[in-house]
Structure formats: structure tokens, C-alpha cells
1. Can you tell which of ILE195, ILE184, ILE231 is among the aliphatic types (A, V, I, L, M), modelled with pLDDT of 95 or more and outside any helix (DSSP H, G or I)?
2. Taking only the stretch 119-168 into account, find how many residues are polar (S, T, N, Q) and free of Cβ contacts under 8 Å to residues at least 60 places away in the same chain.
3. Are any of the residues in the stretch 275-296 modelled with pLDDT under 95, surrounded by fewer than 21 Cβ atoms within 10 Å (Cβ to Cβ), in a helix (DSSP H, G or I) and within 22 Å of the chain's Cα centre (by Cα)?
4. So which helices (runs of 4 or more DSSP H) stay within the stretch 38-147 end to end and still have 1 or more residues that are β-branched (Val, Ile, Thr) and more than 17 Å from ASN20 (Cβ to Cβ)?
5. Considering only the stretch 104-131, state which residues are at pLDDT 95 or above, among the hydrophobic types (A, V, I, L, M, F, W, C) and under 16 Å from the mean Cα position of the chain (by Cα).
6. Six or more apart or on different chains, Cβ atoms under 7 Å: show the pairs whose first residue is in the stretch 293-309 and over 18 Å from SER140 (Cβ atoms) and whose second is assigned to a helix (DSSP H, G or I) and small (Gly, Ala, Ser).
7. Mind telling me which of the residues ASP47, ASP99 ends up being in contact with a Lys or Arg (Cβ under 6 Å, 6 or more places away or on another chain) and closer than 25 Å to TRP169 by Cα?
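The values are calculated or read from the model by the stated rules, or taken from the named source; none is laboratory data. Predicted model, so just to flag it, every value in this text is computed and none were measured. So basically every Cβ, Gly included, is an ideal-geometry build from the backbone, and we count neighbours across all protein chains shown.
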Amino acid sequence: MSNKISHTNPLVSIVIPTFNRAGKIKASINKALSQNYPNIEIIVVDDGSADETESVVTAFAREEKRIRYFRIPNSGISAARNKGAIEARGEFITFIDDDDELLPSYLEAVVPKIRAGSDKIGAVGSGFILEDQSGFKSYSCPRAEPFWDCIVGSGWTFRRDVFIKTNLWFDESFRGHEDSEFSIRFRQKYDVLVIDQPLRIYRMTFTNFKKKYLSLSSDRSRDYTYYKKFIEKHFEVFKKAGPDAVAMVTFRAGVFFGQSGRMGESRDMLKTSLKSQFSLRALLYFLFTFFGFRTFFWFDFFKNRTMRFLRVFFLNKSQI
């Protein structure tokens, strides 16, 4: 690559954490390599896979020199992202989960925005296409403000200095809701920009609907454990931000707790949300906690599904 191209288009490191995805990781890497932006490296961080992930990626890396492979003991996605940020050579770092996708024009749109921004702009994100297991698609776009309702992480592009110079890392004790935990610390130091265009795809890949959602699965227990830990760690930040912030975070906690079968704790959180700021959705969820886990689940499922259909057919987008 010529020096002129490197100067005009600074190197971007695309970090892909992965775990036991030998059958799909090559396709994930190929999608990342399809960027129209010319100056990229792909950093695959293997979080201690027990399958053939290592041999698949290293063989691909021998053919494609822009791929770099690192393996760590199984420590969770936060540790994998931190390892990728440490090893990154680029001026900017883009994180993407191995089952999601950056559309080819993503970096072409994002890099000029973050380069043109002030040093206070720590990251740039974009709208995304949300695709579920049935193939149904809808469009969503994150909000930059208020800061406490902006979740950054996978699908965002960061200045590398955010991590290296300011020592701001993903908390490796979180193996769930790591983006929420990182975001609340990140947004107290940096602003963000958001491009309201569908530049990436977020896939909801539920392999066994009945097992994962109608039983109290380990995934649901993890949601409960780490969102509870998140609230305990950062609740004072939300209190200082005001009642609308408290209402939002306790509403989300009430939903996660209800989805994990902790109906009493769910009810308490939703009651706190209603006391902080009344909303009809919080009231409805609160009332459904009295009917048990399965009824609560089906209400949540059909409410979300209905709202997605309404956004597609009437609004064609949503702010989340």
C-alpha cells in the first residue's frame, strides 16, 4: 500500500472477538474485508475456543496479510476486546461481534466523521438493520444524547487514544451487559457522533427459542446477574442525572429481572421506575409481574414484536 493512501486514509483496526465459531468465523472475516475503505487490518481475538477456530483463522491469515490472530484464555468478550485494542496498530478501532456485519460503506462514512471531530469526540456510530432469526428486518438508530441512554461498543468506531492514553477499558469482570457498563464511564469523558444511516447489521441469532426463552436459561440468569451488578456499580450516576435517567435504568432492570424469573425483584425495579417518572409501558410491565414468568415473557415478546412491525410499516425507523 502506498504512503499516499496510508496518509489519506489512516489505518483502521477492525477487532472481531470470537469463541467456538470455526464454521462461521471465515465468513465473518470476509465480510469485514469487504469494506470499500482501503486501509484496514482485521484483528481476530479468540477467547479460548475449544473447536477449530485457531486453525481456520491462521490458515486464512497466511493467505490474507491484513488478518492478525490472537488467542487468550477464556475470559469473556470484554477481555477479548481489550486485547484487540492493545494489539491494534490503527489510529481508529472498530469493534464488531462475529455474528454481526459492517456494510461495505461503513468505514467510508464513519472515518471522515471521526477525523473531522474534535478530540472530545471519542467514537462514531451509525444506524443499523436489526434482523431476527426469521429474516424480519427493521431499522434502528442509537441516540447520542442523553449520555446515560447511549450504549456504545460493538458496531462503533473509536479513537485508539480512548483506550491507550486515557486507560479506559472494558471491565473484564462483566460477562454480560459489558457495553452498558463501558458506555456509562466512556460517556462521562467523551462525546459521540451518530450517522443516521443503516451501515451495519445486527443479528438476533436465537438457535433454540423454547430452550432460551421459555426456560430460565443460563443466558437469562447472566442478564440478571450482570445488569444487577451494573446498577449497583453506577446507580449514583443515574441519580445525579435525574429522575428520567433513574426511570430508564430501573425500567430496563425490571424487564431483565422479569425475563430471568425474578418477579419480585422485577416488580421492585418497575415500581422505582414508576415513582421516578410515570410511563404506561412501565405500568404494564409492573402489572404483568403479578401473573408469573411465562405470562410476563409472552407479553414482552409480543409487545416487542408488535412495536417492530409498527416501526417498519408506519415509521420505517426508530430511535433507541
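1. ILE195 is the lone residue from the list that is among the aliphatic types (A, V, I, L, M), modelled with pLDDT of 95 or more and outside any helix (DSSP H, G or I).
2. Of the residues in that region, 4 qualify.
3. Looking through the stretch 275-296, none of the residues is modelled with pLDDT under 95, surrounded by fewer than 21 Cβ atoms within 10 Å (Cβ to Cβ), in a helix (DSSP H, G or I) and within 22 Å of the chain's Cα centre (by Cα).
4. Numbers: elements: 53-63, 77-87, 106-116.
It comes to 77-87, 106-116.
5. ALA123, VAL124
6. Hits for this filter: PHE296/GLY258.
7. Only one candidate qualifies: ASP99.
Let's see how each residue does on (1) farther than 14 Å from VAL15 by Cα; (2) touching a strand residue (DSSP E or B) at 6+ places or on another chain (Cβ under 9 Å); (3) among the hydroxyl-bearing types (Ser, Thr, Tyr); (4) at pLDDT 95 or above:
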site: TYR37; (1), (2), (3), (4): yes, yes, yes, yes
site: GLY48; (1), (2), (3), (4): yes, yes, no, yes
site: ARG66; (1), (2), (3), (4): no, yes, no, yes
site: ARG71; (1), (2), (3), (4): no, yes, no, yes
site: ILE77; (1), (2), (3), (4): no, yes, no, yes
site: ALA85; (1), (2), (3), (4): no, yes, no, yes
site: PHE92; (1), (2), (3), (4): no, yes, no, yes
site: PHE95; (1), (2), (3), (4): no, yes, no, yes
site: ASP100; (1), (2), (3), (4): no, yes, no, no
